[in-house]
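The values are calculated or read from the model by the stated rules, or taken from the named source; none is laboratory data. These numbers come from a predicted model, not from an experiment. Neighbour counts run over all protein chains shown; Cβ positions are idealised from the backbone, glycine included.
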Ligand SMILES: [Zn+2]
C-alpha cells in the first residue's frame with residue numbers, strides 16, 4: 001500500500017477521534033440528563049453499602065480420603081457459624097443494597113423519561129442531535145452506580161500426593177441465598193444448644209459419676225448415702241427449665257427425699 005494512503009487514513013482517523021472526543025466533552029458539559037445522573041449518584045453513593053462481592057478460600061486435604069469425602073456443607077456450616085455476626089451483617093447489607101438499588105433504578109428511569117430540548121441545545125453547536133443523544137446514553141450507562149448486589153464465597157479443595165505426583169483439586173461456590181440458609185441453620189443450632197432438651201442430653205453417666213464422686217456419694221443437704229438405703233440423684237442447682245446448664249458447677253448430689261421435696265423450685269439466695 002502506498003505510504004501516502006496510509007498517512008491519509010491515519011489523518012482521517014485522528015480527525016474523527018478528535019471530533020468524537022470534543023463531542024463527548026461537549027455532551028458532558030451540556031447534558032442535563034448527565035448532570036441529573038450525577039446528582040442522583042451523589043445521593044446514593046452514601047446510601048449503598050460497599051463491600052467486596054466475593055471471598056476465596058483454599059482447603060488443603062492431608063489425604064486422598066479426606067479429599068474424596070470432603071463435605072462442602074459441613075465446611076461452610078462451620079465457617080459461617082464461626083463468623084455468624086459478620087455474615088448476618090453481610091446479608092443485611094445485601095438486602096439493603098437490593099432495596100435501594102430498586103429505588104435508584106426507578107429514579108434513573110424517571111430521568112430517562114424526561115424530555116429535554118435537544119433541538120435548541122444543538123442549534124448553535126457543531127454536534128447533531130442524534131450524536132448528542134448517542135453519546136449521552138453511552139455516558140449515562142457508563143456512569144450509573146453498580147453497588148454489590150450479590151455475594152459469592154469460592155472454595156478450592158485440593159490434595160497433593162506426598163511425592164507430588166498426583167494433584168487433585170475441585171472448586172465449589174455458594175451465593176447469598178446459600179449463605180442465608182447456613183446462617184438460619186446456625187441460628188437453629190444455637191437455639192437448640194440453649195434449649196432444655198439439649199442441656200438434658202448432656203447428662204452422661206460419666207458426668208453423673210464425676211458429681212457423685214466429688215460429693216463423696218452423699219446428699220449435699222442431709223448427708224444421706226446409699227448405705228442409708230437412700231437413692232442418690234444428680235440434681236441441677238439452677239433447674240434446666242430456668243436456664244441452668246449441665247456442667248459440674250451447676251450439679252450436685254441429692255438424696256431422693258431432698259430432691260423430690262425441692263422439685264423444680266430455685267431460690268437464688270438460699271438452699272435449693
Ligand atoms: Zn437429702
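Picking from 157, 211, 220, which residue would you name as being touching a residue at least 12 places away in the same chain (Cβ under 8 Å) and more than 16 Å from the ligand (Cβ to nearest atom)? If you could, list the steps in order and put the result at the bottom.
Values: 211 fails: more than 16 Å from the ligand (Cβ to nearest atom); 220 fails: more than 16 Å from the ligand (Cβ to nearest atom).
The match here is 157.
Within the stretch 46-69, does at least one residue satisfy the condition of being closer than 30 Å to residue 121 by Cβ and assigned by TED's automatic domain parsing to the domain that holds residue 126? So that I can check it myself, show each step before the final result.
Our first condition is that a residue be closer than 30 Å to residue 121 by Cβ; within the stretch 46-69, this holds for none.
Within the stretch 46-69, not a single residue is closer than 30 Å to residue 121 by Cβ and assigned by TED's automatic domain parsing to the domain that holds residue 126.
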Okay, helices (runs of 4 or more DSSP H) sitting entirely in the stretch 156-217 with 3 or more residues that are more than 29 Å from the chain's Cα centre (by Cα) and exposed (fewer than 15 other Cβ atoms within 10 Å of the Cβ), I get 196-201, 205-214
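Criterion first (over 28 Å from residue 88 (Cα atoms), in the same structural domain as residue 101 (by TED's automatic domain parsing) and out of contact with any helix residue (DSSP H, G or I) (no Cβ under 9 Å at 6 or more places or on another chain)) does residue 163 satisfy it?
Values: over 28 Å from residue 88 (Cα atoms): yes; in the same structural domain as residue 101 (by TED's automatic domain parsing): yes; out of contact with any helix residue (DSSP H, G or I) (no Cβ under 9 Å at 6 or more places or on another chain): yes.
Spelling it out, residue 163 is indeed over 28 Å from residue 88 (Cα atoms), in the same structural domain as residue 101 (by TED's automatic domain parsing) and out of contact with any helix residue (DSSP H, G or I) (no Cβ under 9 Å at 6 or more places or on another chain).
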The listed residue being touching a helix residue (DSSP H, G or I) at 6+ places or on another chain (Cβ under 8 Å) and either without any contact (Cβ under 8 Å) to a residue 40 or more places away in the chain or closer than 30 Å to residue 164 by Cα (or both), out of 105, 59: 59
